[in-house]
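Read through the structure below, which is laid out as structure tokens, and then see the notes.
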Amino acid sequence: MSQAEQLRQQILDLVQDYHQAAFAERPFVPGESAVPVSGRVFGAHEISLLVDSSLDFWLTTGRYSEEFEKKFAQYMGLRHALLCNSGSSANLLALSCLTSPKLGDIRLKSGDEVITVAAGFPTTVNPILQNGLVPVFVDIETETHNIDTTLLELALSEKTRAVMIAHTLGNPFNLDAVTAFCKKHNLFLIEDNCDALGAHYNGQLTGTFGDVATVSFYPAHHITMGEGGVVMTNKPALKKLIESFRDWGRDCWCPPGVDNTCGKRFDWQLGSLPHGYDHKYTYSHIGYNLKLTDMQAAVGVAQLDRLDAFIKTRQDNWSYLRSGLKPYEKFFHLPVPAANSEPSWFGFLMSVREDAPFDRNELIAWLTERKIGTRLLFGGNLTRQPAYIDQPWRVAGSLERTDFAMTNSFWVGVYPGLSTEMLDYIVDSIDQFVKNR
Ligand SMILES: Cc1ncc(COP(=O)(O)O)c(C=O)c1O
């Protein structure tokens, strides 16, 4: 072993001790300890790989990114998984790649319409607008908070070219109906799988149905890298386009630090550039730089080992809350797994009923007082958000149930950092609130 290798080993051994000293579990004190909606759950292994990567001082995408992409694609049963720096970037890449001139007539063009929902996270919709396309919003179902697929035909126009939607909080949308609709009308399907990693529909993983799909690795998500995301596809042609948009729009596909993968770096004739112009600096797309660092990927590699256990705990926590809150069903629309699905829950999303003797805001104020974290269904109704008022969108039908979710829905956590004591405390707190009404 070289001296450098010995020192690296010493540092990594110390990381184990550091983790024990710095992140020892604290007892839960009701009313004093926070009950967050989400958070990172990690051990010494995550810090160890992070430090290992930092000692490489490679910094940009490297060996850990390569390992993660390979393992993650295997996990999903897909050909390609391409890392980037967030779930939002993944969505931007997923939509942008479909605008590539290399796709010829089937590419998405400015003014084309993309069917989506307004009850959700902004960056599921933003790439549509950022690419000069038009989101067409469709209402949701109250119990699943997913797209009401009976409205799809209503949303269709001559300009419809794609459907881009998320599996809301880990509960799959009706993939039978959506995939049949896309097939019938020749539309691209982009699955925002950011909140649903590990969910199944008809026994198949969500994120494997669409032409392209995405996952987020922000700390709230099933596994984390801090910041991070991935774009997945089974289509080699799309993989090349995603890579190009991610890596400055370049035509070259060499990984960082590598030259001449194509074997003709100085022998291409592209655009109206002179023959042999360096392929490394030849651009076939108006691209971005959305790569992530290898330190982020290193954390992801460690987290992947825990993914199945995390999903299982989320499902168990959700079921525990679901049965604990059943007695209060007359006050709440409680969540329901989509038909033919096994969700991989992101949170426990419920709505205060129209005729309840209290409103959502009173309840979340009470929970906040008791240090129980809550969240709304992200942007509620995006068409009502200041950023979207003047944007070129269209609504098919009404957004009545989206508005209902905006005013009546909220969620509490199910993430693996929550103990049974914490879940009991959530249920007891709701019980106390309801009994005082
Ligand atoms: C459905 C959905 N899509 C996309 C994102 C964006 O992911 P990120 O925060 O990694 O950009 C989120 C964020 O939580 C999300 O919930």
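A few points about this structure:
- Scanning the range 91-124 for residues that are in contact with a Cys (Cβ under 7 Å, 6 or more places away or on another chain) and part of a loop (DSSP other than H, G, I, E, B) yields nothing.
- For beta carbons closer than 6 Å, sequence separation of 6+ or different chains, a first residue in the range 264-282 that is touching a residue at least 24 places away in the same chain (Cβ under 8 Å) and assigned by TED's automatic domain parsing to the domain that holds TRP253 and a second that is in a loop (DSSP other than H, G, I, E, B) and among the basic types (Lys, Arg), the qualifying pairs are HIS279/ARG265.
- The residues in the range 170-200 that are crowded, with 24+ Cβ neighbours inside 10 Å and touching a Pro at 6+ places or on another chain (Cβ under 8 Å) can be counted, and the count is 5.
- Tallying residues that are touching an Asp or Glu at 6+ places or on another chain (Cβ under 8 Å), in a loop (DSSP other than H, G, I, E, B) and under 21 Å from ALA297 (Cβ atoms) within the range 8-61 yields 4.
- Candidates VAL125, VAL178 - the one that is touching a residue at least 40 places away in the same chain (Cβ under 8 Å) and either farther than 30 Å from GLY271 by Cβ or more than 16 Å from the ligand (Cβ to nearest atom) (or both): VAL125
- For the range 377-417, a residue qualifies if it is of a type in the set (S, T, N, Q) and in a loop (DSSP other than H, G, I, E, B), and the qualifying residues are ASN381, GLN385, GLN391, SER398.
- Residue count, the range 266-286 (criterion: touching a helix residue (DSSP H, G or I) at 6+ places or on another chain (Cβ under 9 Å) and crowded, with 18+ Cβ neighbours inside 10 Å): 2
- Any hit, the range 246-254, residues being of a type outside the set (Phe, Trp, Tyr), within 16 Å of the ligand (Cβ to nearest atom), out of contact with any Gly (no Cβ under 9 Å at 6 or more places or on another chain) and not in a loop (DSSP other than H, G, I, E, B): no
- Here ILE190 passes the criteria (1) within 15 Å of the chain's Cα centre (by Cα); (2) more than 16 Å from the ligand (Cβ to nearest atom); (3) farther than 22 Å from GLU66 by Cβ except the one numbered (2).
- Being more than 24 Å from LEU307 (Cα to Cα), within 16 Å of the ligand (Cβ to nearest atom) and in the same structural domain as LEU129 (by TED's automatic domain parsing) is a property that LEU197 lacks.
The values are calculated or read from the model by the stated rules, or taken from the named source; none is laboratory data. Just so you know, these numbers come straight off a predicted model, no measurement behind them. Neighbour counts run over all protein chains shown; Cβ positions are idealised from the backbone, glycine included.
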